[in-house]
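Everything on this sheet refers to the single structure shown next.
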Amino acid sequence: QVQLVESGGGLVQAGGSLRLSCAASGRTFSSYAMGWFRQAPGKEREFVTTIIWSGGRTYYTIPVKGRFTISGDNAKNTVYLQMNSLKPEDTAVYYCAAASPSISGVFSRNYYLRSVYEYWGQGTQVTVSS
């Protein structure tokens, strides 16, 4: 049973920083890419960022570009999300997700879709106060 576990969420003042972590369990676990989505109250879950293990290419949604940085440690099956200059509109539950190697051929055209990620974490709350 594959499990993704997020940590690092909390309450922070606008302009502050948080660092989220997501660890994937299982000795045989493998993925093509891992990323982050977020869901604010009353809104749909939306893409934030993702990283492709092979080569380390990253993608970001425009609202976080320049403020958030995704990184990964493949040996630990762990990804991180460094969030700087946080804004109240960043308030949401943040979810970690992993994409299967079977999706590699179409990933570059579909990286922002929830449907290409096979495994999901339970989410961690990020609240940014003004």
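Just the residues that are under 12 Å from Phe37 (Cβ atoms) and of a type outside the set (D, E, K, R), please, taken from region 100-114. Steps first, please.
Kept after step one, since they are under 12 Å from Phe37 (Cβ atoms), are these residues of region 100-114: 111-114.
Listed by number, the residues that qualify are Tyr111, Tyr112, Leu113.
Looking at Arg67, Arg57, Arg109, can you tell me which residue is open to solvent by 10 Å² or more (accessible area, probe 1.4 Å), at pLDDT 95 or above and closer than 15 Å to Ser31 by Cα?
On the way: Arg67 fails: closer than 15 Å to Ser31 by Cα; Arg109 fails: closer than 15 Å to Ser31 by Cα.
One residue alone meets the criteria, Arg57.
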Of residues in region 112-129 being open to solvent by 70 Å² or more (accessible area, probe 1.4 Å) and touching a strand residue (DSSP E or B) at 6+ places or on another chain (Cβ under 8 Å), the one nearest to Ile52 (Cα to Cα): Tyr112
Among the candidates Gly8, Gly15, residue that is at pLDDT 95 or above, out of contact with any Phe, Trp or Tyr (no Cβ under 7 Å at 6 or more places or on another chain), surrounded by 15 or more Cβ atoms within 10 Å (Cβ to Cβ) and at positive phi: Gly8
Pairs with Cβ under 8 Å, 6+ apart, first in region 1-30 and within 14 Å of Ser85 (Cα to Cα), second in a loop (DSSP other than H, G, I, E, B) and open to solvent by 50 Å² or more (accessible area, probe 1.4 Å): Ala14/Lys87; Ala14/Ser130; Gly15/Ser85; Ser17/Asn84; Ser17/Ser85
Residue that is farthest from Tyr32 (Cα to Cα), among those in region 75-97 that are at pLDDT below 95 and within 15 Å of the chain's Cα centre (by Cα): Thr78
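The values are calculated or read from the model by the stated rules, or taken from the named source; none is laboratory data. Predicted model only: the values in this text are computed from it and were never measured. Quick reminder, even Gly has a Cβ in these numbers, built from the backbone with ideal geometry, and neighbours come from all protein chains shown. Side chains are part of the model used for accessible areas, which takes the heavy atoms of the whole protein and leaves out ligands, DNA and RNA. Shrake-Rupley method; radii C 1.70, N 1.55, O 1.52, S 1.80 Å.
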